Each structure stands twice: as C-alpha cells, then as structure tokens.
Amino acid sequence: MDAKTILKEVVEKGASDIFLIPGMHYSYKLNGEVVIVDDQKLSPEEIESIIAQIYEIAKRSMQRVHDTGDDDFSFAISDLSRFRVNVFKQRGTIGAVIRIVAFELPDYSRLHIPQAVMDVAKLQKGLVLVTGPAGSGKSTTLACIIDEINKSRHAHIITLEDPIEFLHKHKNSIVTQREVATDTESYVTALRAALRQVPDVILLGELRDFETIRTAMTAAETGHLVISTLHTIGAANTIDRIVDSFPPNQQQQIKVQLSMVLQAVISQQLIPDVNGEIVPAYEIMYLNSAIRNMVRDSKIHQIDSVIFQSQEEGMIAMDTSLYKMVKEGKITEETALFYASAPDALKKRLVR
C-alpha cells in the first residue's frame with residue numbers, strides 16, 4: 001500500500017488525523033470520531049513499510065524511533081497538505097498517528113474563535129496560556145493569534161515548537177520558527193537563546209516541566225509576550241497545575257510571580273454539535289486585580305466565581321459558554337452536561 005495514496009485519500013475526506021496501527025487497516029478521525037476504512041487487517045510489516053515511506057517523503061532517518069521508541073516530526077507534500085507525525089513502538093511493533101495541517105492559516109471567524117480570544121494579540125507583555133485536552137484545537141488557536149500579531153504589529157516573533165505545524169510568512173512582523181530536536185535540543189535551551197534574539201513575542205509549543213515554566217515566566221517578566229499551552233481544562237486548574245509543578249518550598253514564590261506575569265488563560269474544548277460537526281467551547285479569563293490577589297493569596301478556588309461574574313470584562317466561564325450554545329440550538333443539553341465542569345449546576349440553569 002502506498003503512503004502518498006493514503007495521505008491523499010484522507011486529506012480529500014476532510015479528516016483531522018490518520019491512524020497507522022498494526023493489526024488493523026488504516027483509520028482516520030472525522031468530526032471527532034474514528035472511522036475504520038474496512039475489515040482488512042494490515043500486518044506489522046505492512047504498517048512499518050507505509051511508515052518507512054513516510055520517512056522517505058520527510059527525508060528523515062528512522063534511527064530515532066528504533067533507538068528511543070518515539071519520534072515527532074513534520075513534513076509537507078506540495079499541493080496536498082502539511083502533516084505532523086508521531087511514530088511510536090507498541091508491543092514491539094511500530095505505529096503512527098498523523099495530524100493533517102492545512103498549508104493556509106485558518107480564518108479565526110470561520111472556526112468560531114471569539115474576538116475575546118483574538119484580543120490576546122493586543123497584549124504587549126506577560127504570559128498567556130491556551131489550555132485544553134489533546135486534540136482540542138490549541139495549536140490552531142495559537143496559530144490564529146500569532147497570525148493576527150504578524151499582521152497588526154511590527155515585531156519579532158519567535159516560535160519554538162515540537163514539531164512545527166503551521167508555517168507563518170513574514171508580514172508586518174519577522175517570524176522565526178524553530179523546531180525542537182531539529183533546530184535546538186530542548187524548549188529550555190531554545191527559550192534561553194531566544195532571549196538573546198531580541199524577541200517581542202515568543203510562542204512555546206508546550207510548558208512541559210517546571211524548568212520550562214520558570215524560564216517562560218522570567219521571559220514574561222522582562223517585557224516579552226510569551227504564549228504557550230498546557231493540557232488542562234479551566235483557568236483555576238491551569239494555575240494549580242503550574243504551581244504544583246514546582247517543589248513545595250518554591251510554590252509561594254511562584255504564586256506571587258504568576259500573579260504579576262499571567263495575563264490570560266483561554267481554555268477550550270471541541271464539542272459535537274447537533275449537525276454532527278465539531279464546534280469549540282471556551283473559557284476565557286483575563287487577570288484583573290481581584291484574580292491577581294487570589295492567585296497570590298492561594299485563593300484559587302474562588303477564581304471560577306469571579307470569571308462567572310465578569311462577562312463585561314470579556315470573560316466567560318466554560319459552563320456559561322455551554323449554556324449559551326444550548327440556548328442557541330448548537331448543541332444538545334446532554335452534550336453540554338457531558339462537557340461541563342459543574343454538570344449539576346448547569347443542569348439547574350438549563351431547566352429554569
């Protein structure tokens with residue numbers, strides 16, 4: 001079976017991901033659901049042959065996956081698409097999951113990204129976090145924000161990604177894109193180097209450990225706008241996750257530092273609508289004086305109530321976003337309750 005044929009077929013179907021797993025035919029994800037092509041099973045040797053063809057297209061050696069069991073990279077096929085690849089060993093065989101990434105940057109309005117999210121592009125300094133589970137569209141939201149900065153400001157934007165997904169052309173800004181493992185050894189190394197490259201905006205693909213978080217916060221303190229992601233749902237959970245990643249004797253200091261540099265937390269989920277398509281739901285928190293005090297004074301559990309009461313400041317709670325989507329007829333009540341952070345409270349609001 002030819003790898004290019006598989007990639008072309010799946011891109012034409014409008015899928016988001018491709019699965020190459022030994023013991024089954026290739027599959028893909030469409031509108032949030034996995035579609036198995038047919039009942040024909042492919043042997044581990046056949047799957048590895050397809051993956052080897054992908055490495056040839058990407059002009060990359062398979063040595064890393066054979067040595068470590070994991071490999072991440074991206075590549076493009078002209079007139080088709082870009083692809084982000086994760087190759088891995090499982091039960092002694094090799095499999096892969098491939099994310100399809102469009103050449104053109106998406107239009108945020110067509111993706112239903114609200115203006116309150118895009119307003120992040122107006123910030124000049126501080127730390128902004130876009131959070132959500134894997135596959136929730138964080139990378140796409142980041143790409144839209146970076147593109148908006150690129151169009152509206154005369155700045156130097158540095159992106160540090162693992163791997164690079166969306167390619168940004170130079171518009172009004174200069175955009176430098178570096179890939180971890182290919183262009184630099186780690187996020188921390190690249191981030192420290194970035195501070196000597198006169199950046200105005202730094203995009204970090206992910207805050208993976210406390211050392212990366214510490215360096216990102218230092219960059220934000222020194223007048224840069226730092227934008228990154230975490231695999232958390234909800235603003236309060238995000239702050240807890242950051243604090244808990246540090247040793248106990250450093251956590252109070254981190255709370256004080258975070259209360260000063262954090263500017264916004266955008267949490268998102270992709271949810272099936274009544275038409276079987278996928279739509280985003282957002283929680284948006286911009287830090288005002290009340291929330292900064294709560295972060296500094298370890299009253300993070302009170303943040304949700306402030307977000308709920310601060311819609312006039314551009315904030316919205318996740319459950320309020322879900323509530324509005326139900327009232328607008330976009331999603332069902334059952335779907336809203338499944339994705340809600342406080343299902344019982346949302347259920348009472350819906351029956352009023």
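Below is a table of values for the structure above.
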item	result
Selection count, the range 274-303, where residues are in contact with a helix residue (DSSP H, G or I) (Cβ under 6 Å, 6 or more places away or on another chain) and not aromatic (Phe, Trp, Tyr)	13
Residues being in contact with a Phe, Trp or Tyr (Cβ under 9 Å, 6 or more places away or on another chain) and either more than 9 Å from LEU127 (Cβ to Cβ) or not in a helix (DSSP H, G or I) (or both) - total across the range 214-227	2
Residue satisfying condition, being touching a helix residue (DSSP H, G or I) at 6+ places or on another chain (Cβ under 7 Å) and in the same structural domain as LEU142 (by TED's automatic domain parsing), within set ILE266, ILE331	ILE266
Conditions (1) modelled with pLDDT under 95; (2) polar (S, T, N, Q); (3) surrounded by fewer than 18 Cβ atoms within 10 Å (Cβ to Cβ): number failed by SER310	(3)
Any chance ASN150 is touching a His at 6+ places or on another chain (Cβ under 9 Å), part of a loop (DSSP other than H, G, I, E, B), at pLDDT 95 or above and not aliphatic (A, V, I, L, M)	no
Qualifying position, being at pLDDT 95 or above and among the acidic types (Asp, Glu), among GLU33, GLU56, GLU104	GLU56
Residue, surrounded by the most Cβ atoms within 10 Å (Cβ to Cβ), within the range 161-176, restricted to residues that are at pLDDT 95 or above and outside any loop (DSSP other than H, G, I, E, B)	VAL175
Filter result for the condition that a residue is among the β-branched types (Val, Ile, Thr), out of contact with any Gly (no Cβ under 9 Å at 6 or more places or on another chain) and not assigned by TED's automatic domain parsing to the domain that holds ASN31, over THR189, THR131	THR189
Residue within the range 6-20 that is over 28 Å from the mean Cα position of the chain (by Cα), surrounded by fewer than 18 Cβ atoms within 10 Å (Cβ to Cβ) and either small (Gly, Ala, Ser) or not in a loop (DSSP other than H, G, I, E, B) (or both) present	no
Every residue from the range 163-216 that is touching a residue at least 40 places away in the same chain (Cβ under 8 Å) and small (Gly, Ala, Ser)	ALA181, GLY205, ALA216
The listed residue being among the small types (Gly, Ala, Ser), out of contact with any Cys (no Cβ under 6 Å at 6 or more places or on another chain) and either within 18 Å of ILE113 (Cα to Cα) or assigned to a helix (DSSP H, G or I) (or both), out of SER321, SER298	SER321
Count of residues meeting criterion [in a strand (DSSP E or B), among the β-branched types (Val, Ile, Thr) and within 16 Å of the chain's Cα centre (by Cα)] in the range 80-137	7
Residue in the range 265-289 that is modelled with the lowest pLDDT, counting only those that are loosely packed, with under 15 Cβ neighbours inside 10 Å and among the small types (Gly, Ala, Ser)	GLY276
Contacts under 9 angstrom Cβ, first residue in the range 114-132 being at positive phi, partner among the β-branched types (Val, Ile, Thr) and part of a helix (DSSP H, G or I), 6 or more apart	GLY126/VAL261; GLY132/THR141
Subset tally (residues that are surrounded by fewer than 18 Cβ atoms within 10 Å (Cβ to Cβ) and touching a residue at least 24 places away in the same chain (Cβ under 8 Å)) for the range 324-340	2
Condition check for VAL265: hydrophobic (A, V, I, L, M, F, W, C), assigned to a helix (DSSP H, G or I) and closer than 19 Å to ILE239 by Cα	no
One residue from LEU262, LEU195, LEU191 being over 16 Å from the mean Cα position of the chain (by Cα), over 30 Å from GLU313 (Cα atoms) and buried (at least 22 other Cβ atoms within 10 Å of the Cβ)	LEU191
Residues being touching a residue at least 40 places away in the same chain (Cβ under 8 Å) and among the small types (Gly, Ala, Ser) - total across the range 274-313	3
Tally of residues being surrounded by 22 or more Cβ atoms within 10 Å (Cβ to Cβ) and of a type in the set (A, V, I, L, M) across the range 231-250	4
First in the range 220-240 and closer than 12 Å to VAL128 by Cα, second anywhere and modelled with pLDDT under 95 and among the acidic types (Asp, Glu), Cβ under 9 Å, 6 or more apart	SER228/GLU206; THR229/GLU206; LEU230/GLU206; ALA235/ASP304
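The values are calculated or read from the model by the stated rules, or taken from the named source; none is laboratory data. Quick caveat, the model's predicted, so the values are computed rather than measured. As a convention, Cβ positions derive from the backbone with ideal geometry for all residues, glycine included, and neighbour counts pool all protein chains shown.
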